[in-house]
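**Student:** Pasting a structure here, questions to come.
None of the figures in this text is laboratory data; all of them are computed from the coordinates on show. Since the model is a prediction, treat every value here as computed from it, not as a measurement. Glycine also receives a Cβ, built like all others from the backbone with ideal geometry; neighbour counts cover every protein chain displayed.
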Amino acid sequence: MEQATAPKTGHPKGLYFLFFTEMWERFSYYGMRAIFILFMTKVLLMKDNEASEIYGSYTGLVYLTPLLGGYLCDKYLGNRRSIIIGGLLMALGQFLMFLSASVGAEGGVSIMWAALTAIIIGNGFFKPNISTMVGQLYPAGDRRIDSAFTIFYMGINLGAFFSPLVCSSMDYKWGFMAACIGMLASLLFFIVFQKKYLISEEGKEIGLPVKNWISKTYL
């Protein structure tokens, strides 16, 4: 009789790669949020109720756009391209927040709207697609997936914990720049090491664009 193969207990390196990428993205996102309302009231001189409405609309749209980002990923782009597009837009948005804080009340509001638009759309591409790839690292029905997501969300919590401490300790414009640097760190790390670590245990690359769309578009 053949002996049953013992179930694997470790996790692929790709999990820790996604952990690190998501940790820095969440550092960027929550660092910006930590100082956003104070920035609007103290620098852009908005009223409290106006700042609260903008903050609420912003956070609501951040949770809405992943529906569109997930659809475009599944239909055309694939996870990797979606994450890169989203990361670029979010880094641009954080840099525009830095410019908005540098300009101040005169002209800063218009730049802020452009920044929020970029971050909202970028989050829609980034957030749902990086989480999806955690499950793709494992074979179907693998019991390690639950613990993998637990580890992955520890990265989210780690980034969310440290970012307000860092960004709120600085002047507003430098707080936004710290958020921008965090997003760039996440993006560059992902671009450089994606081919090395985004491989399933069966040896297949994960998160690639939809083949049918590539053939119709480029061939």
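**Student:** Using a simple charge model, +1 on the beta-carbon of Lys and Arg, -1 on the beta-carbon of Asp and Glu, nothing else, what dipole does the chain show about its Cα centre, in debye to the nearest 20?
**Tutor:** Value, rounded to 20: 480 debye.
**Student:** Also, I was wondering about something else. What longest range of the chain stays clear of loop-exposed trypsin sites (Lys or Arg not before Pro) (DSSP non-H/G/I/E/B, at most 12 other C-beta within 10 angstrom)?
**Tutor:** The segment 48-142 is the longest one with no such site.
**Student:** Further, regarding this structure: Considering the dipole of the chain built from charges on the beta carbon (Lys and Arg +1, Asp and Glu -1) around the Cα centre, which of 203, 88, 137 is farthest to its positive end?
**Tutor:** Farthest towards the positive end: 203.
**Student:** Report the full-extension gain for the segment residue 41 to residue 165: residue separation times 0.36 nm, less the Cα-Cα distance, to one decimal in nm.
**Tutor:** Extra length from residue 41 to residue 165 when fully extended: 42.6 nm.
**Student:** What distance in nm separates the simple spin-label points at residue 13 and residue 109, each placed 7 Å from Cα in the Cβ direction?
**Tutor:** About 5.2 nm separates the two model spin labels.
**Student:** For the chain, what are the per-bin percents of Cα-Cα distances with bins 10 Å wide, up to the bin holding the maximum?
**Tutor:** All Cα pairs, binned at 10 Å, distribute as 8, 31, 31, 18, 9, 2, 1, 0 percent.
**Student:** Next question, about the same structure. Pull out the extension gain between residue 189 and residue 50, defined as 0.36 nm times the separation in residues minus the alpha carbon to alpha carbon distance; nm, one decimal.
**Tutor:** Value of the extension gain: 46.3 nm.
**Student:** Run the simple label-point estimate for residue 142 and residue 63 please: 7 Å along Cα→C-beta, distance reported in nm.
**Tutor:** Output for this residue pair reads 3.0 nm.
**Student:** Could you tell me the number of lysine pairs in the chain with C-alpha atoms less than 16 Å from each other, where the two lysines are 8 or more residues apart or belong to different chains?
**Tutor:** Step by step, the pairs that qualify in the chain add up to 8.
**Student:** In deg cm²/dmol and to the nearest 500, what is the mean residue ellipticity at 222 nm of the chain if only DSSP H runs of at least 4 residues count, each as -39500 (n - 2.57), divided by the residue total?
**Tutor:** The per-residue figure over the chain is -27000 deg cm²/dmol.
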